[in-house]
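Enquirer: Quick one: structure below, then a few questions.
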Amino acid sequence: MSTQPARMADHWWWRPGWRPGRKFYTWHFTFQESSDVHRLAGEYRQSLATVPGLDLVPDRWLHLTMQGLGFVDEVSEQDAKAIVDAAATRLSRVSAFELAMGRPEITPDAR
């Protein structure tokens, strides 16, 4: 018996509270200048290119969703700005770090 999922989930299905046109504030960790991540992602994209039904993510959209803040219509612009300012102040005191990518884990939907 395989431990791998028999079917992948649709990452774009509507989650609770989502509806067309509704926006959500979210923190993302991006890989804009991470050539090693782009190289590794390219290798996976090449290997998965023939698998039907997958949306292979281009380098410019690679990210890790770190934290949701809330729906735009539920969080005031003033509160969102205050949270961003507080995060920027805190993160300015965090030293640069290296990120190591390990073996991927195959799940039905890696949200």
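The values are calculated or read from the model by the stated rules, or taken from the named source; none is laboratory data. Everything numeric here is computed off the predicted structure, so don't read it as measured data. Virtual Cβ from ideal backbone geometry, glycine too; neighbours counted across all protein chains shown.
Enquirer: Just to be sure I understand, how many residues within segment 53-83 are under 24 Å from Glu33 (Cα atoms) and either of a type in the set (Gly, Ala, Ser) or out of contact with any Phe, Trp or Tyr (no Cβ under 9 Å at 6 or more places or on another chain) (or both)? Spell out how you get there, then give the answer.
Expert: From segment 53-83, those under 24 Å from Glu33 (Cα atoms) are 55-68; that's our starting set.
In the following step, the residues that additionally are either of a type in the set (Gly, Ala, Ser) or out of contact with any Phe, Trp or Tyr (no Cβ under 9 Å at 6 or more places or on another chain) (or both) were identified as 57-58, 60-61, 68.
Within segment 53-83, residues that are under 24 Å from Glu33 (Cα atoms) and either of a type in the set (Gly, Ala, Ser) or out of contact with any Phe, Trp or Tyr (no Cβ under 9 Å at 6 or more places or on another chain) (or both) number 5.
Enquirer: Could you tell me how many of the residues in segment 53-76 are closer than 20 Å to Ala9 by Cα, touching a residue at least 12 places away in the same chain (Cβ under 8 Å) and not aliphatic (A, V, I, L, M)?
Expert: Looking only at that region, the number is 4.
Enquirer: In this structure, is Glu105 modelled with pLDDT of 95 or more, outside any helix (DSSP H, G or I) and within 26 Å of Trp14 (Cα to Cα)?
Expert: Answer is no for this residue.
Enquirer: Ok, one more. Could we say that Leu40 is at pLDDT below 90, surrounded by 11 or more Cβ atoms within 10 Å (Cβ to Cβ), within 27 Å of Leu99 (Cα to Cα) and not acidic (Asp, Glu) here?
Expert: No.
Enquirer: Residue check: is Gln46 assigned to a helix (DSSP H, G or I) and either under 28 Å from Pro104 (Cβ atoms) or in contact (Cβ under 8 Å) with a residue 40 or more places away in the chain (or both)?
Expert: Details: assigned to a helix (DSSP H, G or I): yes; either under 28 Å from Pro104 (Cβ atoms) or in contact (Cβ under 8 Å) with a residue 40 or more places away in the chain (or both): yes.
Answer is yes for this residue.
Enquirer: Could you please let me know if Tyr25 is assigned to a strand (DSSP E or B), within 18 Å of the chain's Cα centre (by Cα) and in contact (Cβ under 8 Å) with a residue 12 or more places away in the chain?
Expert: Answer is yes for this residue.
Enquirer: Right, another one. Looking at segment 52-102, which of its residues are of a type in the set (Gly, Ala, Ser), more than 14 Å from the chain's Cα centre (by Cα) and in a strand (DSSP E or B)?
Expert: Quick first cut of segment 52-102, residues of a type in the set (Gly, Ala, Ser) only: 53, 68, 70, 76, 80, 82, 86-88, 92, 95-96, 100, 102.
Remaining after also requiring more than 14 Å from the chain's Cα centre (by Cα): 53, 70, 76, 80, 82, 86-88, 92, 95-96, 100, 102.
Across segment 52-102, the qualifying residue is only Gly70.
Enquirer: Could you please tell me which pairs satisfy a Cβ distance under 9 Å, a separation of 6+ or placement on different chains, a first residue in segment 77-89 that is in contact (Cβ under 8 Å) with a residue 60 or more places away in the chain, and a second residue that is surrounded by 13 or more Cβ atoms within 10 Å (Cβ to Cβ) and outside any helix (DSSP H, G or I)?
Expert: Here the result reads Ala87/Trp27, each pair linking segment 77-89 to a residue that is surrounded by 13 or more Cβ atoms within 10 Å (Cβ to Cβ) and outside any helix (DSSP H, G or I).
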